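The values are calculated or read from the model by the stated rules, or taken from the named source; none is laboratory data. Because the structure is a prediction, the values reported are computed rather than measured. Note that each Cβ is placed from the backbone with ideal geometry, even for glycine, and that neighbours are counted across all protein chains shown.
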């Protein structure tokens, strides 16, 4: 397993470099100019100085190298300095946002807690709801619980999040007045009252995303469980006198988790970028909303960094899923 992990990590390096190059070239070829919103009365020489200040006067391959170097070397060093109080990155040049005129990673770090609070919590809640629903639906196939679970899953997965989000706002914020419709990113949790307020403003966006995630994962869980319940090893375990609880939880569930792990692991990167619409609906000042504003402002450094971060997360959690396969199923060996 260690050899496989090291081999996959080494393989991930050229993969990420290729992805980074594709992202950079696509955005490089995209139309638009970061100085397009500047007044036309600016002299040409001043405009060229502004382009030089943004680094746009350099060839594309130089800018690509500087971006990759800062992403993998400078920014981790800055993070290390923040954590341990060192000064290794002092004075180092950093990728700066054209829109905010500040280092890109500093803006991302400021927005990330909002995304983790809302979208991360929604994903955890969705997984915790989906797994038992899928298990019970498979064990009690065609029962009333299974029928209701299938109906709710199909509804939750079919309706887009912008529809369910606005529906909840109309019902619980406008009609009933129970919950706030706009997420207050300035709220600081310092006492019980502020903690309750935080829960109230998180309720609707978390419910929207948790319903969508749980609907998908529960369907995979149910299908995997039904497939394994008909296998020969299940009949053998029952013939040995094992209780149904032991057969389901110890044998069937473990084998059924292998395909579900893929869905869960590859869904984690969407925690950081897949809730763009929901963050727009509830005005959550997170990474999804940051990506939208960066695209609208033609802020290429911000768009490049956020997009590449999502690619890194996908490669990372793909590796984690492969490792979990060997843990869940002893028959899988990579070495």
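Selection of region 167-196 for residues being surrounded by 15 or more Cβ atoms within 10 Å (Cβ to Cβ) and over 20 Å from residue 129 (Cα atoms) yields 169, 172, 173, 179, 180, 181, 183, 185. Taking region 1-23, which residues are closer than 16 Å to residue 321 by Cα and either surrounded by 13 or more Cβ atoms within 10 Å (Cβ to Cβ) or in contact with a helix residue (DSSP H, G or I) (Cβ under 8 Å, 6 or more places away or on another chain) (or both)? Matches in region 1-23: 1, 4, 5, 8, 9, 12. Quick check on region 98-112. Is at least one of its residues surrounded by 16 or more Cβ atoms within 10 Å (Cβ to Cβ), more than 24 Å from the chain's Cα centre (by Cα) and closer than 21 Å to residue 291 by Cα? Within region 98-112 (the criterion being surrounded by 16 or more Cβ atoms within 10 Å (Cβ to Cβ), more than 24 Å from the chain's Cα centre (by Cα) and closer than 21 Å to residue 291 by Cα), the answer is yes, since at least one residue qualifies.
Against the test of being at pLDDT 85 or above and crowded, with 18+ Cβ neighbours inside 10 Å, the options 308, 272 yield a single qualifying residue, 308. Among the residues making up region 166-215, those that are free of Cβ contacts under 8 Å to residues at least 60 places away in the same chain, part of a loop (DSSP other than H, G, I, E, B) and in contact with a helix residue (DSSP H, G or I) (Cβ under 9 Å, 6 or more places away or on another chain) are 178, 179, 180, 184, 187, 188, 189. For region 270-290, the count of residues that are touching a helix residue (DSSP H, G or I) at 6+ places or on another chain (Cβ under 7 Å), assigned to a helix (DSSP H, G or I) and more than 30 Å from residue 170 (Cβ to Cβ) is zero.
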